[in-house]
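See below for the structure under consideration.
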Amino acid sequence: MNLIFDTHAHYDDEAFDGDREEILSGLREHGIGTVVNIGASLSSCGTTLALAKRYPFLYAAVGIHPNETGELTEKDMDWLKQIAGEEKVVAIGEIGLDYHWDEPEREIQKKWFVRQLEIAGETGLPVVIHSREAAKDTLDIMKAEQSRISGGVIHCFSYGVEMAREYLDMGYYLGIGGVLTFQNAKKLKEVAEYAPLSRLVLETDSPYLSPVPERGKRNSSLKLPYVVKALAEIKDVSEEEVIRQTAENAVRLYRLEGKESGWQNPGLPRILPVGAGFELCRKTGSREDYGEKTGKSKTDH
Ligand code: NI
């Protein structure tokens with residue numbers, strides 16, 4: 001049986017404080033094979049790493065989300081580069097530009113975006129790009145830095161076919177999630193139709209962006225079958241084929257070939273013993289909703 005690969009989730013989020021272990025340990029029996037948990041702030045990079053060490057099927061991306069870059073220092077970059085060398089870290093991200101909130105100011109976002117792309121270059125890791133209402137600047141920077149970056153994914157792709165073509169031409173994957181099931185997602189449906197299935201990967205952005213018919217609720221990898229179904233219809237292939245091909249793409253994207261035994265070997269325990277203490281750092285601020293890209297939540301990723 002082919003298992004679904006969730007390329008972008010935030011299981012360290014406080015939304016999972018009540019049942020994190022229950023959800024994660026039950027994923028496999030519900031057809032979810034692999035998850036990459038994505039860091040978005042200094043503290044969430046730490047908690048992401050802790051999760052990756054605990055669950056064999058869960059990998060980590062480390063990076064600072066554009067809206068979290070206001071207080072960054074070079075020392076933080078040293079730390080980021082250091083943890084990027086940990087065994088289960090498979091990417092630098094999520095990094096990028098977010099002009100929806102324009103905070104911190106654009107020049108600061110750009111500075112740390114470029115700086116983190118440099119770290120990706122130095123470590124040889126692929127990148128997970130967050131770009132929202134910043135199409136031109138993101139593309140300009142990605143093009144300028146292209147020679148040092150070795151691939152990656154444009155997560156929660158929200159631009160049109162023209163922009164999709166640019167990124168596909170540069171070798172990137174496009175991340176497709178719950179938005180595909182929204183009635184008003186005309187642009188994303190066009191992109192999904194245009195892009196070859198071999199260049200699309202599935203993602204949840206859990207706890208955000210839950211697909212229809214669960215829109216507005218907390219998202220988790222368990223809801224990916226709704227996205228699979230929508231994508232299968234658009235591509236006119238079977239759901240099995242969508243699952244198989246997107247998982248294969250994700251393994252290529254995150255370079256997990258040969259590293260797959262962690263989740264393929266049924267003899268391995270699904271949960272490892274808690275090591276030096278698994279503690280989740282509290283993020284500041286509260287969230288009233290699971291912020292869709294137009295929502296009120298300031299910290300959605
Ligand atoms: Ni995210």
Taking the range 205-217 as the search range and keeping residues that are buried (at least 17 other Cβ atoms within 10 Å of the Cβ) and not aliphatic (A, V, I, L, M), which one is nearest to the ligand (Cβ to nearest atom)?
D205
Taking E248 as the residue in question, decide whether it is part of a helix (DSSP H, G or I), within 24 Å of Y172 (Cα to Cα), modelled with pLDDT of 95 or more and more than 20 Å from the chain's Cα centre (by Cα).
no
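Conditions tested, residue by residue: (1) of a type in the set (S, T, N, Q); (2) within 16 Å of the ligand (Cβ to nearest atom); (3) over 19 Å from Y254 (Cβ atoms).
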position: A52; (1), (2), (3): no, yes, no
position: F113; (1), (2), (3): no, yes, yes
position: H130; (1), (2), (3): no, yes, no
position: T138; (1), (2), (3): yes, yes, yes
Considering only the range 82-110, how many residues are in contact (Cβ under 8 Å) with a residue 24 or more places away in the chain and out of contact with any strand residue (DSSP E or B) (no Cβ under 8 Å at 6 or more places or on another chain)?
5
Give just the number: which of (1) away from the ligand (no atom under 16 Å from the Cβ); (2) at pLDDT 95 or above does V227 not satisfy?
(1)
So W101, is it over 15 Å from the mean Cα position of the chain (by Cα), within 21 Å of I149 (Cα to Cα) and more than 14 Å from the ligand (Cβ to nearest atom):
no
Please tell me if L202 is within 15 Å of the ligand (Cβ to nearest atom), in contact with a Leu (Cβ under 6 Å, 6 or more places away or on another chain), modelled with pLDDT of 95 or more and not charged (D, E, K, R).
yes
Out of the range 40-98, which residues are surrounded by fewer than 19 Cβ atoms within 10 Å (Cβ to Cβ) and touching a Ser or Thr at 6+ places or on another chain (Cβ under 8 Å)?
K81, G85
Quick check on the range 1-23. Is at least one of its residues among the β-branched types (V, I, T), out of contact with any strand residue (DSSP E or B) (no Cβ under 7 Å at 6 or more places or on another chain) and modelled with pLDDT of 95 or more?
yes
If I filter the range 180-197 for residues that are of a type in the set (F, W, Y) and at pLDDT below 95, do I get at least one hit?
no
Please go through the range 1-48 and give me each residue that is more than 16 Å from the ligand (Cβ to nearest atom) and among the aliphatic types (A, V, I, L, M), ordered by number.
M1, L3, I4, I23, L24, L27, I32
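Residues are listed down the side, and each one gets a yes or a no for (1) assigned to a helix (DSSP H, G or I); (2) hydroxyl-bearing (S, T, Y):
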| position | (1), (2) |
| --- | --- |
| T7 | no, yes |
| E22 | yes, no |
| E29 | yes, no |
| G46 | yes, no |
| A50 | yes, no |
| I64 | no, no |
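The values are calculated or read from the model by the stated rules, or taken from the named source; none is laboratory data. Just so you know, these numbers come straight off a predicted model, no measurement behind them. Here the Cβ is made from the backbone with ideal geometry for all residues, glycine too, and neighbour counts use every protein chain on show.
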